[in-house]
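Before any comments, here is the structure.
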Amino acid sequence: MKKLIILMTIICAQLSFSQDNRGQNLIGKEFGDFVFEDINGINYNFKENKKTKIVVVSASWCGPCIYLKEAVNKNVEKYSNQIDFIYLFWDSKKELIKIKDQYNSKVILIPSKKRKDDIACIEIAEFENCFGFPTVYSINTENRIQKIEIGAAVEMKDVLVNGELYSMTEEEAHNQNYKKIERLIMQLIK
């Protein structure tokens with residue numbers, strides 16, 4: 001299991017540093033009229049809620065998702081009065097309840113009710129994401145996708161990325177992720 005997590009972390013890290021343009025055809029399109037049920041049984045309606053949103057598609061077992069969590073939690077403290085932070089999880093409600101305390105209480109946590117055959121895909125209330133984990137959507141007040149970011153920085157030592165040996169400390173990874181989320185937020189609230 002540990003080898004699988006390490007392999008998934010390396011794959012996700014390589015995606016993070018590649019020129020990834022998956023999902024760019026969705027920029028400017030409506031996110032959708034989705035109604036998601038959070039872990040407390042409360043419905044969140046995207047169309048009716050006019051607040052800007054940061055939506056993170058995540059999984060509890062995903063190494064880069066774990067690194068991104070700290071960046072999101074810090075930004076929630078700073079910007080939750082202007083932006084809703086929503087996590088759409090690959091995990092079931094039962095699994096998500098076990099880790100909910102790792103997230104800022106202002107983050108809306110949405111569990112999956114159905115698993116896709118592809119481990120890199122998620123489907124919740126007709127929303128489907130197969131870009132991998134984590135995927136971050138910034139959604140403006142008109143419920144339109146403003147930006148999609150895939151992947152997150154992770155600590156790594158001497159990893160081959162795009163033909164070059166690369167290292168990143170844990171602190172550098174957290175700082176890079178924080179800046180990435182904050183950049184998305186600044187584009188939403190400008």
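Computed from the coordinates by the stated procedures, all read-outs in this text should not be read as laboratory data. Given the structure is predicted, the values throughout are model-derived calculations rather than measurements. Note: ideal-geometry Cβ built from the backbone for every residue, glycine included; neighbour counts use all protein chains shown.
Out of ASN81, ASN75, report the one residue that is free of Cβ contacts under 8 Å to residues at least 12 places away in the same chain and either surrounded by fewer than 23 Cβ atoms within 10 Å (Cβ to Cβ) or part of a helix (DSSP H, G or I) (or both). Going through ASN81, ASN75 in turn, the sole match is ASN81. Output the residue which, of all residues in the stretch 100-156 that are basic (Lys, Arg) and farther than 22 Å from SER80 by Cα, is surrounded by the fewest Cβ atoms within 10 Å (Cβ to Cβ). Result: LYS114.
Does the stretch 41-48 contain at least one residue that is surrounded by fewer than 22 Cβ atoms within 10 Å (Cβ to Cβ), over 12 Å from LEU109 (Cα atoms) and either touching a helix residue (DSSP H, G or I) at 6+ places or on another chain (Cβ under 6 Å) or of a type in the set (Val, Ile, Thr) (or both)? No; the residues of the stretch 41-48 include none that is surrounded by fewer than 22 Cβ atoms within 10 Å (Cβ to Cβ), over 12 Å from LEU109 (Cα atoms) and either touching a helix residue (DSSP H, G or I) at 6+ places or on another chain (Cβ under 6 Å) or of a type in the set (Val, Ile, Thr) (or both).
Would you call ASN40 within 20 Å of THR141 (Cβ to Cβ), among the polar types (S, T, N, Q) and either outside any helix (DSSP H, G or I) or in contact (Cβ under 8 Å) with a residue 24 or more places away in the chain (or both)?
no
Filtering the stretch 107-123 to residues that are closer than 10 Å to LEU88 by Cα and touching a helix residue (DSSP H, G or I) at 6+ places or on another chain (Cβ under 7 Å) leaves LEU109, PRO111. Against the test of being acidic (Asp, Glu), touching a helix residue (DSSP H, G or I) at 6+ places or on another chain (Cβ under 6 Å) and touching a residue at least 40 places away in the same chain (Cβ under 8 Å), the options GLU126, GLU70 yield a single qualifying residue, GLU70.
Look at (1) more than 14 Å from the chain's Cα centre (by Cα); (2) closer than 23 Å to LYS29 by Cα and you find that GLN102 fails only one, number (2).
Each residue in the stretch 44-67 was checked for being free of Cβ contacts under 8 Å to residues at least 60 places away in the same chain and farther than 23 Å from LEU188 by Cβ, and 3 of them qualify. Look at (1) on the phi > 0 side of the Ramachandran plot; (2) in contact with a Pro (Cβ under 8 Å, 6 or more places away or on another chain); (3) not small (Gly, Ala, Ser) and you find that ILE150 fails only one, number (1).
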